[in-house]
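Only the coordinates and a few stated rules stand behind these numbers; no lab work does. No experiment lies behind these values; they were computed from the predicted model shown. No Cβ is skipped: glycine too gets one built from the backbone with ideal geometry, and neighbour counts run over all protein chains shown.
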Amino acid sequence: MSLAASPSSHPVDGRCPAGEDPAKRRQILEGARRAFVRMGFDAASMNDVTRESGVSKSTLYVYFRSKEELFAALIDQERDRYFSEVEALLVETEHPADTLTRFGTRLAEIVLCAEAMHAKRTVIAVASRMPQLGRDFYRHGPQRGHALLTAYLDRACEAGTLRIEDTAMAAAQFIELATAGLLRRRFFDDQAPDPTPDEIRQVVASGVRLFMAGYGVEA
């Protein structure tokens, strides 16, 4: 009998196999999110996650084997949403200043939001004893974002709208410019207020002006 014809692959009663119900998985992840935010990653236990998500411990362990696995899944969930947005923004190369303004604004909004800051602080706090978590966070997050922006800058250079010798370096520079003066304050002061839309617009606009002054092509 082929796998496609296997009764376990297509349950006749419409129920998902154990550990494969998307709604149940989302329910657990939302419970984990609340527990981690309210108590902190280290203090929260799997028992706390079961209470917050409203599932039994046996059900929880069918889907996730550990807090670390839960935390990684939460990051993956947000990362997928972010990169789908970013890829849609980094398309138009004829007017790179406009494209970079849209990209930089969205980047700053996402990177500086309270949830993202909590995730970054958590990764840094546990990276010494869970180095793989830190490596994965960087490789699949910031490193991937840097690669997408580098690829966009390559296309803009090919289109003749930017002139850059080292697009990887330029991408790293722009990412820093888009959150200049805001990110470090948020990192070290957990009581710092969220940046306002006007603050983000001003920082990004200034960053785009500097970037285009260095890499733009005169009309």
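Tell me, what ³J(HN,Hα) does each residue in the range 192-202 have, in order and in whole Hz, if you take phi through Karplus 6.51 cos²θ - 1.76 cosθ + 1.60 with θ = phi - 60° and put x for Gly and Pro?
5, x, 4, x, 6, x, 5, 4, 5, 4, 5
How far, in degrees from 0 to 90, does helix 131-140 lean away from the longest principal axis of the Cα atoms of the chain, to the nearest 10?
Here the helix axis deviates by roughly 50 degrees.
Only one of the values (1) 54, 40, 32; (2) 48, 39, 32; (3) 65, 51, 31 was calculated from this structure for Cα extents along the principal axes in Å; name its label.
Recomputing Cα extents along the principal axes in Å here gives the entry labelled (3).
Once Lys and Arg get +1 and Asp and Glu get -1 on their Cβ, which of Met169, His95, Ala32 lies farthest toward the positive end of the dipole of the chain?
Ala32
Please give me, ordered by residue number, the GluC sites (Glu not before Pro) of the range 34-100 that lie in loop per DSSP and have at most 14 other Cβ atoms within 10 Å.
Numbers: sites: Glu52, Glu68, Glu69, Glu78, Glu85, Glu87, Glu92, Glu94; in loops: Glu92, Glu94.
Answer by residue number: Glu94.
Working out 0.36 nm times the residue gap between Ile124 and Asp98, then minus their Cα-Cα distance, what length gain in nm do you get to one decimal?
Full-extension gain reported as 6.0 nm.
Taking the Cα centre of each part, how many Å lie between the range 155-219 and the range 74-122?
Rounded to whole Å, the Cα centres lie 12 Å apart.
Could you give me the ³J(HN,Hα) list for the range 162-169, computed from phi with Karplus coefficients 6.51, -1.76, 1.60 and θ = phi - 60°, whole Hz, x at Gly and Pro?
For the range 162-169, the Karplus-derived couplings read 9, 10, 9, 7, 10, 5, 5, 5 Hz, x marking Gly and Pro.
Calculated FRET efficiency, Ala205 and Asp136, Cβ-Cβ r, R0 30 Å, to nearest 0.05?
Numbers: r = 34 Å, r/R0 = 1.12.
For R0 = 30 Å, the calculated efficiency reads 0.35.
I want to verify a result. In a Gaussian network model of the chain, Cα cutoff 10 Å, which of these has the top mean-square fluctuation: Gly134, Gly181, Gly207?
Between Gly134, Gly181, Gly207, it is Gly181 that shows the largest mean-square fluctuation.
How much FRET efficiency would the formula 1/(1 + (r/R0)^6) give for Asp80 and Asp42, where r is the Cβ-Cβ distance and R0 is 25 Å, rounded to 0.05? It would help to have the intermediate numbers written out before the result.
On the way: r = 26 Å, r/R0 = 1.03.
Computed FRET efficiency for Asp80 and Asp42: 0.45.
For the range 20-64, what is the Kirkwood estimate of the hydrodynamic radius, computed as the reciprocal of the mean inverse distance between distinct Cα atoms, to one decimal in Å?
On the way: mean 1/r = 0.0983 Å⁻¹.
Hydrodynamic radius (Kirkwood, Cα pairs) of the range 20-64 is 10.2 Å.
Roughly how tilted is helix 114-126, in degrees to the nearest 10 and between 0 and 90, from the longest Cα axis of the chain?
70
Tilt of helix 96-112 relative to the longest C-alpha principal axis of the chain, in degrees (0 to 90, nearest 10)?
The two axes meet at around 40 degrees.
Can you tell which of Leu210, Leu149, Phe187 lies farthest toward the positive end of the dipole of the chain, using +1 and -1 charges on the Cβ of basic and acidic side chains (Lys, Arg; Asp, Glu)?
The one lying farthest along the dipole's positive direction is Phe187.
Magnitude of the Cβ-charge dipole of the range 69-116, K/R +1 and D/E -1, about the Cα centre, nearest 20 debye?
Roughly 120 debye, rounded to the nearest 20.
Can you give me the distance in nm between label points at Glu109 and Arg185, each placed 7 Å from the Cα along the Cα-to-Cβ direction?
Going from the Glu109 label point to the Arg185 one covers 2.0 nm.
Please report, in debye to the nearest 20, how large the charge dipole of the chain is about its Cα centre when each Lys and Arg carries +1 at its beta carbon and each Asp and Glu carries -1 there. Don't skip to the answer; put the middle values down first.
Numbers: 28 positive and 31 negative charges, 173 e Å.
The calculation lands at about 820 debye.
When the helices in the chain are scored as -39500 (n - 2.57) per DSSP H run of 4 or longer and the sum is shared across all residues, what 222 nm value do you end up with, to the nearest 500 deg cm²/dmol? Before the final figure, lay out each step's value.
On the way: 11 runs with 151 residues, N = 219.
It lands at -22000 deg cm²/dmol.
In terms of modelled amide H atoms, which long-range or inter-chain residues lie less than 5 Å from the amide H of Leu162?
Those lying under 5 Å, H to H, from Leu162 are Cys157.
If the elastic network links every pair of Cα atoms under 10 Å, which of Thr167, Thr196, Thr122 fluctuates the most in the Gaussian network model of the chain?
Answer for the Gaussian network model of the chain: Thr196.
Using a/c under 1.5 as the rounded threshold, could you call the range 101-149 rounded, prolate or oblate? The axes a ≥ b ≥ c are square roots of the C-alpha gyration tensor eigenvalues, and prolate needs a/b larger than b/c, oblate otherwise. Can you show the working numbers first?
Numbers: a/c = 4.77, a/b = 1.56, b/c = 3.05.
Here the range 101-149 falls in the oblate category.
Just in the range 31-104: which trypsin sites (Lys or Arg not before Pro) are loop by DSSP and have at most 14 other Cβ atoms within 10 Å? Before the final figure, lay out each step's value.
Numbers: sites: Arg33, Arg34, Arg38, Arg51, Lys57, Arg65, Lys67, Arg79, Arg81, Arg102; in loops: Arg65.
Within the range 31-104, the qualifying trypsin sites (Lys or Arg not before Pro) (loop, at most 14 other Cβ atoms within 10 Å) are Arg65.
Which loop-located trypsin sites (Lys or Arg not before Pro) does the range 111-153 contain, where loop means any DSSP state but H, G, I, E or B and the Cβ has at most 13 other Cβ atoms within 10 Å? Working shown, then result.
Working: sites: Lys120, Arg121, Arg129, Arg135, Arg139, Arg144; in loops: Arg129.
The qualifying sites are Arg129.
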